[in-house]
1. For residue 156, work out the one condition from (1) more than 16 Å from the ligand (Cβ to nearest atom); (2) in a loop (DSSP other than H, G, I, E, B) it doesn't fulfil.
2. For residue 232, state whether it is surrounded by fewer than 16 Cβ atoms within 10 Å (Cβ to Cβ) and in contact (Cβ under 8 Å) with a residue 24 or more places away in the chain.
3. Could you check, for region 11-23, whether at least one of its residues is assigned to a loop (DSSP other than H, G, I, E, B), at pLDDT 95 or above, within 22 Å of residue 155 (Cβ to Cβ) and in contact with a helix residue (DSSP H, G or I) (Cβ under 9 Å, 6 or more places away or on another chain)?
4. Across region 25-37, what is the total count of residues that are surrounded by fewer than 16 Cβ atoms within 10 Å (Cβ to Cβ) and assigned to a helix (DSSP H, G or I)?
5. When you check residue 43 against the structure, is it at pLDDT 95 or above, within 16 Å of the ligand (Cβ to nearest atom), more than 22 Å from the chain's Cα centre (by Cα) and over 15 Å from residue 270 (Cβ atoms), yes or no?
6. So, restricting to helices (runs of 4 or more DSSP H) that lie completely within region 163-282, which ones have at least 1 residues that are farther than 21 Å from residue 140 by Cα, away from the ligand (no atom under 16 Å from the Cβ) and over 18 Å from the mean Cα position of the chain (by Cα)?
7. Hey, does region 59-70 have a residue that's in contact with a strand residue (DSSP E or B) (Cβ under 6 Å, 6 or more places away or on another chain) and within 16 Å of the ligand (Cβ to nearest atom)?
Ligand SMILES: [Fe+2]
């Protein structure tokens, strides 16, 4: 495991720890799925796990580390690479004795990976089946530990639907110090530059301004252009001083930065390279 450590000041009643992991990309399929899915699984397994079982090995290592330390796992999505019975069974089995919370990533609802424009209607095709593998609501979950509100928001393809903003607003209005966990990071200039300078065609962040996305390929521009509801949600996040930090994944590379409103944002790298972040909440 490639473990990093950070500490966040939250005025917790008592300090506690969390283990943040993300983007495990488990890629199994079996006879219950069709041939196309089994073919997809072969290629994706080679890419993410390979002969040394990287994805499963690091995931299982992080679960046993957290269990030994008695700390809660927070997973910010893409635990599975695509929807399959074998992937969901694996997730359910591995997590059955684990103290965890998870927010969905975009891959949780991916039927064949990249075969369709992914939006809420696409997600709806597998939402119930995927949700059945997890104990908490993978769209939106809030849990208070030692006076700190842990708020997890599922992935909505670079958008925040109004219903999520309403739930977030209700949680933030409780007035507790809060930590936000979500799959896709929010736009921040340094993060945008870091991803774009790495040669990516777009920054894969939520809420990038028009002048920053104008250069994206057309399909990525359409995918990542924030709508009014999304901008409203981002305004809400930025206006709440009780949000002490944001944790995300999706980019597969680790990064730490600060939003223009002053909230620190930590991106944890892909689990198949062993990345994990131990957070001490003080
Ligand atoms: Fe991912």
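The values are calculated or read from the model by the stated rules, or taken from the named source; none is laboratory data. Given the structure is predicted, the values throughout are model-derived calculations rather than measurements. Cβ placement follows ideal geometry from the backbone for every residue including glycine, while neighbour counts extend to all protein chains displayed.
1. Tallying (1) more than 16 Å from the ligand (Cβ to nearest atom); (2) in a loop (DSSP other than H, G, I, E, B), residue 156 fails exactly one: (1).
2. Working: surrounded by fewer than 16 Cβ atoms within 10 Å (Cβ to Cβ): yes; in contact (Cβ under 8 Å) with a residue 24 or more places away in the chain: yes.
Yes: the conditions hold for residue 232.
3. Yes, some residue in region 11-23 is assigned to a loop (DSSP other than H, G, I, E, B), at pLDDT 95 or above, within 22 Å of residue 155 (Cβ to Cβ) and in contact with a helix residue (DSSP H, G or I) (Cβ under 9 Å, 6 or more places away or on another chain).
4. Matching residues across region 25-37 total 2.
5. Working: at pLDDT 95 or above: yes; within 16 Å of the ligand (Cβ to nearest atom): yes; more than 22 Å from the chain's Cα centre (by Cα): yes; over 15 Å from residue 270 (Cβ atoms): yes.
Against the criterion (at pLDDT 95 or above, within 16 Å of the ligand (Cβ to nearest atom), more than 22 Å from the chain's Cα centre (by Cα) and over 15 Å from residue 270 (Cβ atoms)), residue 43 qualifies.
6. Values: elements: 189-197, 210-213, 218-224, 228-239.
Counting at least 1 such residues, we get 189-197, 210-213, 218-224.
7. yes
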